[in-house]
Structure formats: C-alpha cells, structure tokens
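Readers should treat all values here as calculations from the given coordinates under stated rules, not as data from a laboratory. Quick caveat: nothing in here was measured; it's all calculated off a predicted structure. Here Cβ is always computed from backbone atoms with ideal geometry, including for glycine, and neighbour counts include all displayed protein chains.
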Amino acid sequence: MADRDFVLRLTAAPEHAGERLDRLVVEHLADTSRSFVQRLIEEGDVLVNGTVRRPSYRVADGDLIEVRAPVPEVPEEITPADILIPIAYEDDDVIVFDKPAGLVVHPAPGHKHGTLVNAFRWLRPENVEPGTERPGIVHRLDKDTSGLIVVAKNERSRLHLLKQWQRRDVLKEYTALVVGNFPEDRATVDAPIGRDPNNRKRMAVVAGGRPAISHLEVIERLPGFTLLNVRIETGRTHQIRVHCAFTGHPVAGDRMYGGYRQNIPLERQFLHARHLRFTLPDGRPLDLESPLPPDLQHVLDVLRERAK
C-alpha cells in the first residue's frame, strides 16, 4: 500500500438519507470491500462533516463525506523468508506464533520483506494463497510488542476466528510496565480511539473515535514504574499504548506516546501479549500463555534490585 490520500469527497443526496455509512462508501469506491471500508472508518479515515462516525451511522441529506485511503499498488508476491519464530501451538487449522519484538506482522510500506507473513510463507507455503498480502491474519501486534498471535491456515478457520474477534469472545491479556505509580489497584479505561488529528501516524483518545475498553490491574509496584496486567475487550490500533498514556502513565519505553525513559535498560516498549484464549474451529478451547521475554525480564530484575 502507498501513502494515504483523499480518494472520495461526496455530498449525500436525498436518496442517500438513512443509508448506512459503510454501505454508501462501498457503493462509491470501486474495487473495495465492506470490511476494508469498515477498517478505514475504524481508523478514523472516513469523516462525516469533519467528524469520525461509526460504520452504522445513518447518512443524512447534505452530509459531506470524505474518505482517505491508501492508494493501491500492484500486489507483490509474498517472498518466503527463513525466519525462526517460536510456535506456541499448531494444528491443521491454526498456528499460534510467539512473536519476538522487532518483527513486523505483515508487509507494508517500508517493510516489504522479513515480516511474520513472509516467515509463514516459508514455513507453510501450502497455506498461503497467491495474491494475498495478509494470509490468515485476524489480529495484529505492533512491531515492538512481543507475544502470542494467531494465524489461520485456511479460509474456514480464518472466518471462524474472525467471528470470535468481532464478537469479543477472545480473552486477550498483556503484561505492561507503565511509567509512574499507577494510583488504583484496578481500573477500566473506556475511551474512544481514532486518528490523532495533529499527527496521522499516531492514534489518540478522540471524540467520535471507535469504542475501546481496557481493564488494568496492578501486578507489582516498582521504583518509578508499575507492572500491569491489561485485558482488552476491543482491539483498536495501539489501544493499550494510547489508553495508558491517556491515564498519565504511558507504557515504559514507548517513544511515540511519551513513555521513553533512559534510566532503565529498555530498547523498546514494555508490552507483551501474554495470554490468549479462544475456541478452535473444531470446538475445542485453546488457552495459551507466553513467558516474559528475557529483555523485559531483565528490566524487572533491575527494578527489583533498586527496590531493595
């Protein structure tokens, strides 16, 4: 995908009144799917009279609709890459990777090769259909977030998993170290997330953003930091990083959202996808946990020594 640009400006006519926003945009954008348009809306790239709305918003006569979308490039064949990624679980339908930090999930501008998808193409070439850029991907982890990520090995499995993610039936828990002394033992952040109007590369808590809910629980208090377990109900882009920064306690090491500190041995954001529980296509429940990576464990060891 190329840079984003405005690809549609539309003033709703009387015959559009009452139509869902996502359906109207699909009708006026060639060669796009409803799921693609819904993702644009979720990420704040569709504005109605300058405001982010939900896909289900009912359009009114005279609404000004503006759509910003990637200008498509010719899809490239996914090249296989012999990258060693630990596998937490695998069967005929799914594979769960324990992704290391620093690994991008799928090809994108600036990261065309050397991604988890490229590694999947090398490891299981029979499960990657030609012409697909994100085979089997139903959820994402940021480049510098480590931990558990599921990849579907066939279309039946992908649809099964996608429904669970959409219904919020999946348990997703992360370990996060945040800056400062988090004031409560437990807290819930219920704050909508959308594109930061001042910086399109960032997300932010914004009025009219997509609903986002995170549950934060203190695991341990350390000198200058707090170790949290974070359970997310939704899966918005950068959700935990944005919500933690919103509370005034950004994730340690997070340069984008204000958590960068030089007094601990940390080269990336302290965020690890530790626990994942969902139902396999054959109906069996799968409950997986990933141990904290050595670089993050080292940070905790240093802080615990300081606390003595």
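Side notes on the structure shown:
- Cα long-axis angle, helix 294-307 against the chain (0 to 90 degrees, to the nearest 10): 50 degrees
- Projecting the Cα positions of V104, N181, I240 onto the charge dipole of the chain (unit charges on Cβ atoms of Lys, Arg, Asp and Glu, taken about the Cα centre) puts N181 furthest along the positive direction.
- Cα lying deepest toward the dipole's positive end in segment 4-70, options L47, L29, L8, charges on Cβ: L47
- Bridgeable lysines around K112 (alpha carbons under 30 Å apart, same-chain partners fewer than 8 residues away excluded): K99, K143, K153, K163, K172, K201.
- When the GluC sites (Glu not before Pro) in segment 200-304 are filtered for DSSP coil states and for at most 16 other beta-carbon atoms within 10 Å of their beta-carbon, the remaining sites are E233, E267.
- A helix-only calculation puts the chain at -5500 deg cm²/dmol for mean residue ellipticity at 222 nm, using -39500 (n - 2.57) for each DSSP H run of at least four residues, averaged over all residues.
- Cβ-defined net charge surrounding L216, 10 Å radius [Lys, Arg +1; Asp, Glu -1]: -1
- Each other residue within a Cβ distance under 15 Å of D93 adds +1 if Lys or Arg and -1 if Asp or Glu, for a net charge of 0.
- Computed FRET value (nearest 0.05) for L171 with I83, which takes r as the C-beta separation and R₀ as 22 Å: 0.20
- Qualifying trypsin sites (Lys or Arg not before Pro) for segment 254-293 [loop in DSSP, other Cβ within 10 Å: at most 16]: R255, R261
- For the chain: relative contact order, % (alpha-carbon pairs under 8 angstrom, 6 or more apart): 15 percent
- For segment 234-263 and segment 118-181, distance of Cα centres in Å: 21 Å
- Under a model in which nothing but the beta-carbon of Lys, Arg (+1) and Asp, Glu (-1) is charged, segment 143-272 shows a dipole of about 680 debye around its Cα centre.
- Between A17 and R255, the simple label model (points 7 Å from Cα in the Cβ direction) yields a spacing of 5.2 nm.
- Remark: relative contact order (segment 87-167) = 36 percent; criterion is Cα-Cα distance under 8 angstrom and separation of 6 or more residues.
- Counting Lys and Arg as +1 and Asp and Glu as -1 over every other residue whose Cβ lies under 13 Å from the Cβ of P250, the net charge comes to +3.
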